[in-house]
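What follows is one structure encoded as structure tokens, with my remarks underneath.
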Amino acid sequence: MKVEKLSLEQIRAQVTDCRRCELCEGRTNVVFGEGDPHARVLIIGEAPGKNEDLKGRPFVGAAGKFLDELLAHAGLAREEVFIANVLKCRPPSNRNPRSDEIEACAPYLRMQTRSINPDIIVTMGNFATQFILRTGVGITRLRGTWQTAGKFVVFPIFHPAAAIYDRSKRDVLFSDFDRIGQYVRDRIAAEQQSKQIAENGEAPATAAAFASDPE
């Protein structure tokens, strides 16, 4: 059965009134996510923190500033990507998300992903990575590896907050964002080549044109 594809604004309307779990009782704002509704890159974190809950926007604290720096390093801007979280409401005292909370909120992230239809999903940290890949393997083993979830390419990385407390992870994150930026540039180049070939009356480019896609 074909699943209806909703716009982000339609999904936002559902999330704003959500009372699927107890987190709705303590939230200041729902943090739906923000960015380009047709972004090539969907970045997924764990859950809103205190600053995000107060402002209703994702990644606006110290980790958010570092994420902006990482995006700039990759040749991307915050406005060009879409940033979301597994949970849309802040867990008390920034505790880890509970399985029932993730289950309650999961349909929203799935709808967002279908609506955006990104070229690549970047999962930040354990919870986002394990949720998207449906695995129990930790982020230390998975980071920097090319994975798939359904039709989507997934690239797990350390959470930017981890680099604030562990400076050794900063260089690793810059290296990973180098690869993310290159992946996007390769996709754009391949699509332009495919379009040019089609306009010249030749056979459309096949998947072989994406020579720089992940192994």
Helices (runs of 4 or more DSSP H) wholly inside region 54-157 that include at least 1 residues being crowded, with 21+ Cβ neighbours inside 10 Å, touching a residue at least 60 places away in the same chain (Cβ under 8 Å) and β-branched (V, I, T): 99-116, 125-133
If we keep only residues of region 171-202 that are assigned to a helix (DSSP H, G or I), without any contact (Cβ under 8 Å) to a residue 12 or more places away in the chain and among the charged types (D, E, K, R), then the residue surrounded by the most Cβ atoms within 10 Å (Cβ to Cβ) is E191
Being in a helix (DSSP H, G or I), open to solvent by less than 30 Å² (accessible area, probe 1.4 Å) and within 22 Å of V153 (Cβ to Cβ): is that true of L42 here? no
How about region 1-39: which of its residues are among the β-branched types (V, I, T) and open to solvent by less than 40 Å² (accessible area, probe 1.4 Å)? I11, V15, V30, V31
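Using the structure shown, decide if A205 is surrounded by 15 or more Cβ atoms within 10 Å (Cβ to Cβ) and either out of contact with any helix residue (DSSP H, G or I) (no Cβ under 9 Å at 6 or more places or on another chain) or at pLDDT below 95 (or both). So that I can check it myself, show each step before the final result.
Values: surrounded by 15 or more Cβ atoms within 10 Å (Cβ to Cβ): yes; either out of contact with any helix residue (DSSP H, G or I) (no Cβ under 9 Å at 6 or more places or on another chain) or at pLDDT below 95 (or both): yes.
Judged against the criteria, A205 is a match.
Kindly indicate which of R57, R114, R134 is closer than 25 Å to I188 by Cα and among the basic types (K, R). Give the steps one after another, and end with the answer.
Working: R57 fails: closer than 25 Å to I188 by Cα; R134 fails: closer than 25 Å to I188 by Cα.
Going through R57, R114, R134 in turn, the sole match is R114.
The values are calculated or read from the model by the stated rules, or taken from the named source; none is laboratory data. Please read all numbers here as calculations on a predicted model, not as lab measurements. With ideal geometry, Cβ positions are generated from the backbone for all residues, glycine too; neighbour counts draw on all protein chains shown. The accessibility values were calculated without ligands, DNA or RNA, using every heavy atom of the protein model including side chains. Shrake-Rupley method; radii C 1.70, N 1.55, O 1.52, S 1.80 Å.
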